[in-house]
Ligand code: TXA
Ligand code: MG
C-alpha cells in the first residue's frame, strides 16, 4: 500500500490499467482521486476513512451537513453497508450499474465514515457503470465516497479539464483520471426508498418514467424538510443571469440563446440537440453552459425544454441556475467568471 506521505502531489493521467492501479493505491492510502462516471466526474475518497472524507468536504468547500454519495462495485458490496427492502432490490436489479442512486437505511455497525453521510442514518448508494469507475472500485477494494468533482455551488464537471479548472493546483486532490467526456452528462437520479413509497429527491440520468414501470408511482419530493440538503434551491445569483422558458423571439439584446430541437434560430445560439433528443441534450447541457461562460455575454435565455424523460433533469438544473439569490446555506458567493456557479445539486 502506498504510504500517505508518498501520495502524488497532484497530477492528471489518462485512463489506463496503470492509472486505475495508482488510483486504487491513492484511495486506500487516504488520498483523493477524481474519476469519470457515466454521469459526471466524481471527487473520490475511501468512504470508510474519516480523514479522507473530511478532505473532500474541505477542498469542495461543501457544508458538512450535506451527505455524499457512496459508490460501490455491485449490489453485494452495497449490502455490506445498507439494508435493502423490496423496492430497493427491484430498482437495483433493474438499473445498476447505472445513473441511479438509492437512499437506504445504513446498516448497524457498518464500516462507513459517519462524516460521509453527514451523520444521517441513511446512505445514498450507487453502482456506476462507467468502466473506469468500475475498475477503480475493483482496484480500491473499498467503497468510494464521491460527490461531483466541483466546488460547492458550481456546475458539475463532465470532462477532466473541468475538474482541473476547479482544482488547479490540486488543493489536496492527488490524482485526476481522464476518461474523456461523461456520456450521460447530468448527475444520477436519486430515489429515497426508505419509506412506504419511493420518493424522487433529484431527477437525473435515469428517467422517472422508467423507474415507475418497475416500482409504480414515485412521489415528488416537496423539499420542505431537508432530507437532502443539496436539494435546496440555489442561493447563488449567477454572475450571468439565466432566464428559462423563453421563446426565441423574446430574447433580449445581449442575451445568448440555448435552444432545443429543429428549426431554431442559429444566431448567437447553441442547440442542445438539433434532432430534439433529450438524452443528447442532457449530455450537452453542462458543457454548453460552460461555453457561454464568457466575457461579453450578458445573459442566457433558454427555450422551453419538454419536461419528460431526461428533460426533467435538464429543467431541474436550469431552474437552479436561474434561481434568485437569497438562500440559507453558509457557502460564500460565486467567484468571478463562473456564471454557472448556481447549480449545486
Ligand atoms: O451522478 C452523481 O450522482 C454524481 C456522481 C459522481 O456519482 N455524484 C453527485 O454527488 O452528484 P453530489 O454529492 O454532488 O450530490 C449528491 C446528492 C446531494 O444533493 C446530497 O444532499 C444527496 O445526494 N444525498 C446524499 N446522501 C443522502 C442521504 N442519505 N439522503 C438524502 N440525500 C442524500
Ligand atoms: Mg454535486
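Filter the range 69-105 down to the residues that are surrounded by 19 or more Cβ atoms within 10 Å (Cβ to Cβ) and part of a strand (DSSP E or B) and list them by number.
The answer is 69, 70, 71, 82, 100, 101, 102, 103, 104.
Condition check ((1) within 15 Å of ligand 1 (Cβ to nearest atom); (2) touching a helix residue (DSSP H, G or I) at 6+ places or on another chain (Cβ under 8 Å); (3) in a loop (DSSP other than H, G, I, E, B); (4) at negative phi) across all residues:
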{"site": "164", "(1), (2), (3), (4)": "no, no, no, yes"}
{"site": "168", "(1), (2), (3), (4)": "no, no, yes, yes"}
{"site": "176", "(1), (2), (3), (4)": "yes, yes, no, yes"}
{"site": "181", "(1), (2), (3), (4)": "yes, yes, yes, yes"}
{"site": "185", "(1), (2), (3), (4)": "yes, yes, yes, no"}
{"site": "190", "(1), (2), (3), (4)": "yes, no, no, yes"}
{"site": "196", "(1), (2), (3), (4)": "no, no, yes, yes"}
{"site": "204", "(1), (2), (3), (4)": "yes, yes, yes, yes"}
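Mind listing whichever residues of the range 106-125 are in a loop (DSSP other than H, G, I, E, B) and within 16 Å of ligand 2 (Cβ to nearest atom)?
Residues satisfying the conditions are 116, 117, 118.
Please identify the pairs in which a residue from the range 63-75 that is closer than 8 Å to residue 127 by Cα has its Cβ atom under 8 Å from the Cβ atom of a residue that is within 9 Å of ligand 1 (Cβ to nearest atom) and not in a strand (DSSP E or B), counting only partners at least 6 apart or on another chain.
71/37; 71/128; 71/133; 71/146
Looking at the range 274-288, is at least one residue in a strand (DSSP E or B) and over 16 Å from residue 38 (Cα atoms)?
Checking the range 274-288: not a single residue is in a strand (DSSP E or B) and over 16 Å from residue 38 (Cα atoms).
Going residue by residue through the range 74-95, is there one that turns out to be within 16 Å of ligand 2 (Cβ to nearest atom) and either at negative phi or touching a helix residue (DSSP H, G or I) at 6+ places or on another chain (Cβ under 9 Å) (or both)?
no
Restricting attention to the range 173-189, does a residue exist that is surrounded by fewer than 24 Cβ atoms within 10 Å (Cβ to Cβ), under 21 Å from residue 17 (Cα atoms) and within 16 Å of ligand 2 (Cβ to nearest atom)?
No: the range 173-189 contains no residue that is surrounded by fewer than 24 Cβ atoms within 10 Å (Cβ to Cβ), under 21 Å from residue 17 (Cα atoms) and within 16 Å of ligand 2 (Cβ to nearest atom).
Looking for whichever is buried (at least 17 other Cβ atoms within 10 Å of the Cβ) and on the phi < 0 side of the Ramachandran plot here; the options are 301, 291, 269. Which one fits?
Step by step, each of 301, 291, 269 is checked, and only 301 is buried (at least 17 other Cβ atoms within 10 Å of the Cβ) and on the phi < 0 side of the Ramachandran plot.
Go through the range 206-227 and report how many residues are at pLDDT below 95 and out of contact with any helix residue (DSSP H, G or I) (no Cβ under 6 Å at 6 or more places or on another chain).
7
Identify all residues within the range 23-55 that are under 15 Å from the mean Cα position of the chain (by Cα) and either surrounded by fewer than 24 Cβ atoms within 10 Å (Cβ to Cβ) or at pLDDT below 95 (or both); write none if there are none.
Hit for the range 23-55 is 38, nothing else.
If a residue has to be assigned to a helix (DSSP H, G or I), within 16 Å of ligand 1 (Cβ to nearest atom) and touching a strand residue (DSSP E or B) at 6+ places or on another chain (Cβ under 8 Å) to count, how many in the range 15-57 make the cut?
So the count comes out to 6.
Which residues, counting only those in the range 126-169, are away from ligand 2 (no atom under 16 Å from the Cβ), under 24 Å from residue 64 (Cβ atoms) and at pLDDT 95 or above?
If the condition is that a residue be away from ligand 2 (no atom under 16 Å from the Cβ), under 24 Å from residue 64 (Cβ atoms) and at pLDDT 95 or above, then 140, 142, 143 are the ones that fit.
As an exercise: evaluate residue 200 against (1) exposed (fewer than 15 other Cβ atoms within 10 Å of the Cβ); (2) under 19 Å from residue 100 (Cβ atoms); (3) modelled with pLDDT of 95 or more and give the number of the one condition it does not meet.
(1)
Would a scan of the range 322-340 turn up a residue that is surrounded by fewer than 17 Cβ atoms within 10 Å (Cβ to Cβ), modelled with pLDDT under 95, within 30 Å of residue 212 (Cβ to Cβ) and within 16 Å of ligand 1 (Cβ to nearest atom)?
No, there is no match, as no residue in the range 322-340 is surrounded by fewer than 17 Cβ atoms within 10 Å (Cβ to Cβ), modelled with pLDDT under 95, within 30 Å of residue 212 (Cβ to Cβ) and within 16 Å of ligand 1 (Cβ to nearest atom).
The values are calculated or read from the model by the stated rules, or taken from the named source; none is laboratory data. The model shown is predicted, which means the values in this text are computed figures rather than measured ones. Reconstructed Cβ throughout: ideal geometry from the backbone, glycine too, with neighbour counts over all protein chains shown.
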